[in-house]
Amino acid sequence: MAPGEGRKKLRIYFRCSLVGFVTGLFAGFLVSFLICYFLYRPLSKVHCEPGNNRFREKQGESNKAIHTAHLLLNHTGSRQDNTLKWQGDPSLGRSFIYGFTLVQGSLQIHRSGIYGIYAQVTLAKCIQARVQNPELKEVKASTLTIGNLSAQGRHSSLLRRHFQDRCSLSASFQVNLNYQDTLYVNLTYPLVPSPNADETFFGASWLYPPPLPEH
């Protein structure tokens, strides 16, 4: 074999090897890319997107969390002061409590905002007492008060009504409350409220976020 012909074949061999190496490298990269694309894309949908959805759902749930309660009178034991004690549980019937806490029978707030408050208190044996004594001074002088105890320990009266010659009082209103405010209901002691769920009850529901501060 002539030396020139050998060198020519050697150059052809190196060129083919280089082309083969580049082609193989490109083909390997392309195959790897396609495998990653088709395999990783479904996995990212399965593992990442639902996680993001769950995060968004949790955010939505926290923003739309239920804060509502319908409480019944806790008539166990005897009254010691003006403040009525309440209880809330589905086992009691038409009673429930979500997003609140009962602190010594009063309702503690866990989300600032505008709340709708309602209450009704009926005096026990009031009709019979009025029949026996139409000028019953004890009933006329009695008062129903809905108050608020702030987290800083300040008391404020939100509503005060007098029974006068009535045996039952009901009220509803809206009020701006702060985190850890505690709502309570006072009835002039020693008058006794009716434990009937249709006659005495107390409730609250979160309605709107707190108003933005004015600058």
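The values are calculated or read from the model by the stated rules, or taken from the named source; none is laboratory data. The model shown is predicted, which means the values in this text are computed figures rather than measured ones. All Cβ positions, even for glycine, are placed from backbone atoms using ideal geometry, and neighbour counts span all protein chains on display. The area values use the complete protein model at the heavy-atom level, side chains included, leaving out ligands, DNA and RNA. Shrake-Rupley method; radii C 1.70, N 1.55, O 1.52, S 1.80 Å.
Inside the range 91-105, residues that are small (Gly, Ala, Ser) and under 29 Å from Leu212 (Cβ atoms) make up a count of 1.
Taken together, the criteria exclude Phe163 from residues that are modelled with pLDDT of 95 or more, aromatic (Phe, Trp, Tyr) and touching a strand residue (DSSP E or B) at 6+ places or on another chain (Cβ under 7 Å). Out of curiosity, is His70 in a loop (DSSP other than H, G, I, E, B) and surrounded by 15 or more Cβ atoms within 10 Å (Cβ to Cβ)? No; evaluated as a whole, the condition is false for this residue. Tell me, which residue of the range 181-215 that is surrounded by 16 or more Cβ atoms within 10 Å (Cβ to Cβ) and assigned to a loop (DSSP other than H, G, I, E, B) is nearest to the chain's Cα centre (by Cα)? It comes out as Asp181. Within the range 145-168, residues that are more than 17 Å from Phe201 (Cβ to Cβ) and without any contact (Cβ under 8 Å) to a residue 24 or more places away in the chain reach partners that are open to solvent by 40 Å² or more (accessible area, probe 1.4 Å) and of a type in the set (A, V, I, L, M, F, W, C) with beta carbons closer than 9 Å, at six or more positions or on different chains, in the pairs His155/Leu149; Ser156/Leu149; His162/Ala141.
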